[in-house]
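As structure tokens, the structure follows; a few thoughts come after it.
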Amino acid sequence: MNRNLSTASAPRYSGLAIGLHWLIAVAILATFAVGLYMHDLPLSPQKLRIYSWHKWAGVTVFLFVVLRLGWRLRHRPPELPAAMPAWQRNIATATHVLLYLLMFAVPLSGWLMSSAKGFQTVWFGLLPLPDLLSKNVELGKLLAEVHELLNFTMAALVIAHLGAALKHHFIDRDDVLTRMLPAPGSTTLSGDGK
């Protein structure tokens, strides 16, 4: 059953939830892009600076995700459309749970990797964070592989999440996407006025 994209009576996420969603999404995308860029750079002061920025961003994303999860645990999200099949609801729930787990696991694996490699994380160059592990070069290499695998797994899930949101908007024509858009008036992406 197709529904009009108007959200006049459709439930929406709160302004804080929407703001955190998009802030975290942009921060994760930027941090992932920086990680890809810095990976193959030759060792230099510039590479070490970029690594520091990448770690600062990872810690910041982690803190935003803690805030977002705390908000989510206290505020129920809008209900999914009644017409959505149970298997789609189950996949949506599983995807959200996995995304939250990865949003914690990715920065933690990076922090563990830095600790094992003997490089302390100093947030914004001001606040030294404790090393979570003693220096262990072999473990550091293993954690680097884990960190990379977790990042690419999260990238795949984010692509699936985005694809599902666009499918709901353009094919199912329900309010799943519009309830998370920043502006209440941003309900029509197709340009057809519907």
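A few notes on this one:
- Unique match (being out of contact with any helix residue (DSSP H, G or I) (no Cβ under 6 Å at 6 or more places or on another chain) and of a type in the set (Gly, Ala, Ser)) among 116, 105, 144, 94: 94
- Search result, residues across the range 134-147 that are outside any loop (DSSP other than H, G, I, E, B) and farther than 21 Å from residue 101 by Cα: 137, 138, 139, 140, 141
- Contacts under 6 angstrom Cβ, first residue in the range 148-160 being part of a helix (DSSP H, G or I), partner small (Gly, Ala, Ser), 6 or more apart: 150/105; 150/109
- The one condition in (1) outside any loop (DSSP other than H, G, I, E, B); (2) without any contact (Cβ under 8 Å) to a residue 60 or more places away in the chain that residue 59 fails to fulfil: (2)
- Of the candidates 73, 98, 108, 80, the single residue that is closer than 16 Å to residue 35 by Cα and of a type outside the set (Ser, Thr, Tyr) is 108.
- Breaking point among (1) part of a helix (DSSP H, G or I); (2) closer than 26 Å to residue 165 by Cα, for residue 76: (1)
- Residue match in the range 125-133 (condition: surrounded by 15 or more Cβ atoms within 10 Å (Cβ to Cβ) and either part of a helix (DSSP H, G or I) or at pLDDT 95 or above (or both)): yes
- For the range 80-124, a tally of residues being in a loop (DSSP other than H, G, I, E, B) and touching a Gly at 6+ places or on another chain (Cβ under 8 Å) returns 1.
- Top-ranked residue of the range 80-93 - restricted to ones that are surrounded by 11 or more Cβ atoms within 10 Å (Cβ to Cβ) and under 21 Å from the mean Cα position of the chain (by Cα), ranked as farthest from residue 172 (Cα to Cα): 93
The values are calculated or read from the model by the stated rules, or taken from the named source; none is laboratory data. All figures in this text were calculated on a predicted structure; none of them were measured in a lab. Don't worry about glycine lacking a Cβ; one is built from the backbone with ideal geometry, like all the others, and counts go over all protein chains shown.
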